[in-house]
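Participant: Before we start, here is the structure in question, set down as structure tokens.
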Amino acid sequence: MKAILHKAESAEGGARRGRGSRANEQLIERVFELDRRIRFCGVVNQHGKLEAGGMRPGVKAMEPHDQTAGIVLRTAVGSKAFQASESHIGRARYGIIRRDRLVQIVFALPKDRELQIATTASFPINKVELMENVVKKFVSPFYYQ
């Protein structure tokens with residue numbers, strides 16, 4: 001099943017689909033195929049800009065339209081805080097934030113990028129390991145050692 005993604009919003013407020021490599025698009029499609037409760041999946045660069053991905057077709061964002069880019073950026077900035085301890089306790093492979101209405105999952109990717117995923121609140125956390133296995137197939141095997 002091929003996921004066709006909704007247009008993502010750029011920080012400037014204009015509608016655009018996240019543009020990225022074919023590998024990024026394939027990764028996003030594969031993640032969406034894992035579970036219908038996945039609402040959003042996108043590759044975000046070090047500046048908090050969406051490079052690829054977006055909302056699942058037919059799913060409306062919970063936040064006001066003009067706040068989407070800010071939420072993506074704040075999630076990216078928050079995940080950078082994990083990097084401060086890398087030399088002592090190792091790299092963070094992923095992080096999970098459980099909120100009242102949704103679950104946010106962030107996977108570290110090479111080149112200071114990350115895969116941001118938002119699911120419904122009912123999403124089972126044990127499926128995150130399946131997501132990690134999908135991510136591992138799309139990045140260098142040396143990155144996740």
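Participant: Find how much the distance from residue 133 to residue 21 grows on full extension, using 0.36 nm per residue of separation minus their present alpha carbon separation; answer in nm with one decimal.
Facilitator: 38.3 nm
Participant: Note down the net charge around residue 121, summing +1 for each Lys or Arg and -1 for each Asp or Glu among other residues with Cβ under 11 Å from its Cβ.
Facilitator: Net local charge, residue 121 excluded: +4.
Participant: Highest mean first, what order results for 39-50, 116-127, 86-97 on Cβ atoms within 10 Å?
Facilitator: 39-50, 116-127, 86-97
Quick note: the coordinates plus some simple rules give every number you see, no bench work behind them. The shown structure was predicted, so the numbers you read here are calculated from the model rather than taken from an experiment. Because the Cβ atoms are built from the backbone with ideal geometry, glycine has one as well, and the counts that use them run over all protein chains shown.
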